[in-house]
Amino acid sequence: QVQLVESGGGLVQAGGSLRLSCAASGRTFNTYAMGWFRQVPGKEREFVAAISGGNTYYADSVKGRFTMSRDNAKNTVYLQMNSLKPEDTAVYYCAAGKVAPTGNEYDYWGQGTQVTVSS
């Protein structure tokens with residue numbers, strides 16, 4: 001099985017930046033789709049970004065502000081978040097699987113990391 005561990009969350013002021021990391025262990029993940037999702041209490045989990053087959057995908061709400069990348073040598077993916085808004089406050093989850101990259105049927109999920117953006 002694959003294990004995913006997120007890091008890099010925290011508290012930041014509106015307009016600031018954070019970089020989230022997701023380190024994978026187990027199977028080699030360079031052939032997997034990798035995704036980032038987020039969830040706010042009382043709301044359903046939503047897609048944020050994904051990378052698969054050399055392509056990146058972004059939700060409309062984060063296009064132009066967030067950038068996803070991967071380092072295969074380190075089995076790690078990143079989410080660079082710039083120009084953060086209070087609406088970005090959520091628990092962010094890393095996911096991996098042989099799935100449609102923008103879907104929600106990933107096989108493996110991390111534990112989540114809290115991102116809080118103050119106004």
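Peptides 106-117, 86-97, 5-16 ranked from most to least packed by the mean count of surrounding Cβ atoms within 10 Å: 86-97, 106-117, 5-16. What the chain shows is 53 Å² of accessible area per residue, with the surface traced by a 1.4 Å probe over protein heavy atoms.
Within the chain, the longest run free of trypsin sites (Lys or Arg not before Pro) that sit in a DSSP loop with at most 16 other Cβ atoms within 10 Å is 66-97. Ligands, DNA and RNA left out, the accessible area of the chain computed with a 1.4 Å probe is 44% carbon and sulfur. Think of the chain as having a plus end and a minus end, set by charges on the Cβ of Lys, Arg, Asp and Glu; of V62, S7, V99, S7 sits farthest toward the positive end of this dipole. When only the Cβ of Lys, Arg, Asp and Glu is charged (+1, +1, -1, -1), the dipole of segment 4-119 relative to its Cα centre reaches about 200 debye. Distance between the 7 Å Cα→Cβ label points at S7 and Q39: 2.4 nm.
The values are calculated or read from the model by the stated rules, or taken from the named source; none is laboratory data. None of these values were measured; they are calculated from a predicted model. All Cβ positions, glycine included, derive from the backbone under ideal geometry; neighbour counts span all protein chains shown. For accessibility, only protein heavy atoms count, side chains too; no ligands or nucleic acids. Shrake-Rupley method; radii C 1.70, N 1.55, O 1.52, S 1.80 Å.
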